[in-house]
Amino acid sequence: MSHDTEGPTRGRVARFLDDLQARGDLVVSVDEAAEQSTLSRIAAQRQLERLAPRTTRLPGRPSAFLIVPPEHRLRGAPPVAAWLDEYLRAQGQRYYVGLLSAAALHGSSNQAVQVTQVLLRRPRRPVAVGKIHLDFYVKSRLELTPLTEIPGLPAPLAVSSPEATALDLIAFSHRLGGIERVLEVIQGLKGAMTGTGMRSALRAGVAVTVMQRTGYVFEVLGFDSLADIVRQALPKRFPPALLQAHGQRAEGPAREPWAIVDNTQLRRSRK
């Protein structure tokens, strides 16, 4: 056994983790553990590894570990809201929780998602920590997206506003089961969306085609006031667009005022 883990150095990292956990901090970098425990980096990492299942290694750089309290060890990780912000910020990554995960946080229960969907500026592979899974989606101009605070969470968490969530659901619908699925989720957001919030979300660099599709979906759902706000944000002229961006092309007139070709027969299916 190495000298660094014997005698007076034994347990230094464990005591440091006690202090972190008491403050509600669950992510610790190897460098931080080494500095605070006055150990070499290698010795600190070995102690962190030997503390499993109290700790589990997190993917990415800088090298870091997640503290897993006893009540969460069956799942291999505490709830993602307790540590995601700390984890991604430590990696220097701007982010927000969005799409179906944000919709669930805003009260839309018309879907079941087994992963946490996170938007980043650049591509990243999915992450699994215990039984928790993170899927990542790339969004340029991420910093413009309006965020909201969700009461009752154990730690800070960046979450897209209900209105920005609706726009993202439309933009990424081809990866979420199609426009018909996201329509049901957006319907569950009705009580959380406001006109002021929608105007703010539309100022966040939203593509015209996304506005066209969102306005049409709002009209189909009977969200008339929100649909009118989207219509006012559209430019004076814009080309027709398919409702389902990656679906089959369809013949027939584009529905005004959105210039949308309903290639999913969405309106007919709602009657």
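To keep it simple, each residue is scored yes or no on (1) among the hydrophobic types (A, V, I, L, M, F, W, C); (2) modelled with pLDDT under 95.
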{"position": "E6", "(1), (2)": "no, yes"}
{"position": "G11", "(1), (2)": "no, yes"}
{"position": "L17", "(1), (2)": "yes, no"}
{"position": "V27", "(1), (2)": "yes, no"}
{"position": "V30", "(1), (2)": "yes, no"}
{"position": "S40", "(1), (2)": "no, yes"}
{"position": "R54", "(1), (2)": "no, no"}
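Residues are listed down the side, and each one gets a yes or a no for (1) under 22 Å from T145 (Cβ atoms); (2) at pLDDT 95 or above; (3) not in a helix (DSSP H, G or I):
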position	(1), (2), (3)
L48	no, yes, no
R61	no, no, yes
R75	no, no, yes
A81	yes, yes, no
D85	yes, yes, no
L88	yes, yes, no
G92	yes, no, yes
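Counting only residues that are out of contact with any Phe, Trp or Tyr (no Cβ under 8 Å at 6 or more places or on another chain), modelled with pLDDT under 90 and not in a loop (DSSP other than H, G, I, E, B), the range 255-265 holds 0 of them. Of the residues making up the range 224-254, those that are under 15 Å from I170 (Cα atoms) and in a loop (DSSP other than H, G, I, E, B) number 5.
For the range 43-64, a residue qualifies if it is touching a residue at least 40 places away in the same chain (Cβ under 8 Å) and of a type in the set (A, V, I, L, M, F, W, C), and the qualifying residues are A43, L58. Farther than 17 Å from A103 by Cβ and assigned by TED's automatic domain parsing to the domain that holds P146: does that describe V182? Considered against the rule, which asks whether it is farther than 17 Å from A103 by Cβ and assigned by TED's automatic domain parsing to the domain that holds P146, V182 comes out as no.
Elements of the type helices (runs of 4 or more DSSP H) sitting completely within the range 109-202 and holding at least 2 residues that are surrounded by 13 or more Cβ atoms within 10 Å (Cβ to Cβ) and polar (S, T, N, Q): there are none.
The values are calculated or read from the model by the stated rules, or taken from the named source; none is laboratory data. These numbers were taken from a predicted model, which means no experiment stands behind them. All Cβ positions, glycine included, derive from the backbone under ideal geometry; neighbour counts span all protein chains shown.
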